[in-house]
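The values are calculated or read from the model by the stated rules, or taken from the named source; none is laboratory data. What you are looking at is a predicted structure, and each value in this text was computed from that prediction instead of being measured. Glycine also receives a Cβ, built like all others from the backbone with ideal geometry; neighbour counts cover every protein chain displayed. Heavy atoms of the whole protein, side chains included, go into the accessibility calculation; ligands, DNA and RNA do not. Shrake-Rupley method; radii C 1.70, N 1.55, O 1.52, S 1.80 Å.
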Amino acid sequence: MTSEALIDYVKGLLGDKTKWADPEAGDNFLTVASEDWKNICQTLATDKKCSLTYLRNFTGTDYPEDDEIELTAHTFSYSEKHGLIIKTRISREAAVCDTLSKIWPAAIWYEREIFDLLGVSFNNHPDLRRILMPEDWVGHPLRKDYKQQETYRGIPTTRPA
Amino acid sequence: MDAMVEQGPEGSFVLGKVDDLLNLARKNSLWYMLFGTACCAIELMQTGGPRSDADRFGMVFRATPRQSDTLILAGTITYKMASRIRLLYEQMAEPKYVIAMGSCANTGGLFQESYAVVNGGDLFLPVDVYIPGCPPRSESLIEGLMLIQQKIEKEPWLKKAWTNTKNPKDPQIEGLL
Ligand code: SF4
């Protein structure tokens, strides 16, 4: 499907559950409510005409001014040769969301990364551990208000002058 | 070495300190661990390759810490990796030497501001030689290894081996062992 055709099709499929980006804003993406997150991703991945079976990228962004964390999933369909970006926003304090790992197993590692760097926990994730930082690290480095600890296991985190 | 050779009536013989002989053997079999953490490791491989040929100095790579004399920190070190590197270092038999190769291993290099990168190998290992560069050329690494050879030459190892050789300045990683 062409990108326009796909957008029209998904609009018809999901109805008023989605919010679309301003077409001038570059890549076209849709934003969904966090309660619908898992179901909508499931629909888009399994629907015959969408068949977005490949999770290309999944990441998060911290927006302290909105008190929200935005999750962004880039999906792709090899059979239909089209891609779609899906976003959702969750609260910064609670920072919980449903896992996508049952839909796209690749999400297991992506979600571990988001958990590690942004502190979002994913419900029903099979193995939610840190992935880049050591297990006993304190804090989540990609939060905008993150302050690095002064030492890690006795190693200073800044170079002594 | 020539100075040690004496001429006797029935041929020549060598007269010298045991330390000197030990050091002669040690410095010419400086085995390094085949271990790298980032792009500097490419240059480390190059150093072992035919053009630089570290082998001509008796420096061959070993794929295990238990047979290595030198740990070359080749590349960026993350906090997660630091504990593992320290564990490798602990497995090496004394006497052992550490070379910090490249800006990353010296100070954290261009990743110094990163949340994940250790700001220098000397914060958790006793480093003997620092080699600047990003990455250092293989000639520099050879020179660094030769500096270790010079260090070995001067070491009264036999005396050192009898005393407790624990370096009081050796930084550690807490809760590792
Ligand atoms: S010093 Fe340069 S070449 Fe070496 S690991 Fe760091 S970035 Fe890579």
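At-a-glance table
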| read-out | value |
| --- | --- |
| When residues of region B:157-177 are limited to those that are within 14 Å of another protein chain (Cβ to nearest Cβ) and open to solvent by 70 Å² or more (accessible area, probe 1.4 Å), the one modelled with the lowest pLDDT | B:LEU177 |
| Residues being over 11 Å from the mean Cα position of the chain (by Cα), within 17 Å of B:LEU141 (Cα to Cα) and open to solvent by less than 20 Å² (accessible area, probe 1.4 Å) - total across region B:86-105 | 3 |
| Filter pass, A:ALA94 being away from chain B (no Cβ under 14 Å), out of contact with any Ser or Thr (no Cβ under 6 Å at 6 or more places or on another chain) and free of Cβ contacts under 8 Å to residues at least 12 places away in the same chain | yes |
| Failed condition for A:ILE155, given (1) without any contact (Cβ under 8 Å) to a residue 12 or more places away in the chain; (2) open to solvent by 20 Å² or more (accessible area, probe 1.4 Å); (3) of a type outside the set (Asp, Glu) | (2) |
| Region A:8-19, residues that are surrounded by 10 or more Cβ atoms within 10 Å (Cβ to Cβ) and either farther than 16 Å from A:HIS82 by Cβ or in contact (Cβ under 8 Å) with a residue 24 or more places away in the chain (or both) | A:TYR9, A:VAL10, A:LEU13, A:LEU14, A:LYS17, A:THR18, A:LYS19 |
| Restricting region A:71-103 to residues that are open to solvent by less than 30 Å² (accessible area, probe 1.4 Å), of a type outside the set (Val, Ile, Thr) and not in a strand (DSSP E or B), the residue that is nearest to A:CYS41 (Cα to Cα) | A:LEU100 |
| Meets criteria (open to solvent by less than 20 Å² (accessible area, probe 1.4 Å) and over 14 Å from A:THR59 (Cβ atoms)) for A:PRO160 | no |
| Residues of region B:1-47 classified as at pLDDT below 90 and in a loop (DSSP other than H, G, I, E, B), total | 6 |
| Total residues in region A:120-141, condition within 18 Å of A:GLU93 (Cα to Cα), away from chain B (no Cβ under 13 Å) and not β-branched (Val, Ile, Thr) | 3 |
| Hits in region B:6-33 - residues which are more than 29 Å from the chain's Cα centre (by Cα) and open to solvent by 80 Å² or more (accessible area, probe 1.4 Å) | B:GLN7, B:PRO9, B:GLU10, B:PHE13, B:LEU15 |
| Spans of strands (runs of 3 or more DSSP E) in region B:59-177 with at least 3 residues within 14 Å of the ligand (Cβ to nearest atom) | B:70-74, B:97-101 |
| Identity of the residue in region A:112-152, closer than 24 Å to A:LEU100 by Cα and assigned to a strand (DSSP E or B), that ends up least open to solvent (accessible area, probe 1.4 Å) | A:PHE122 |
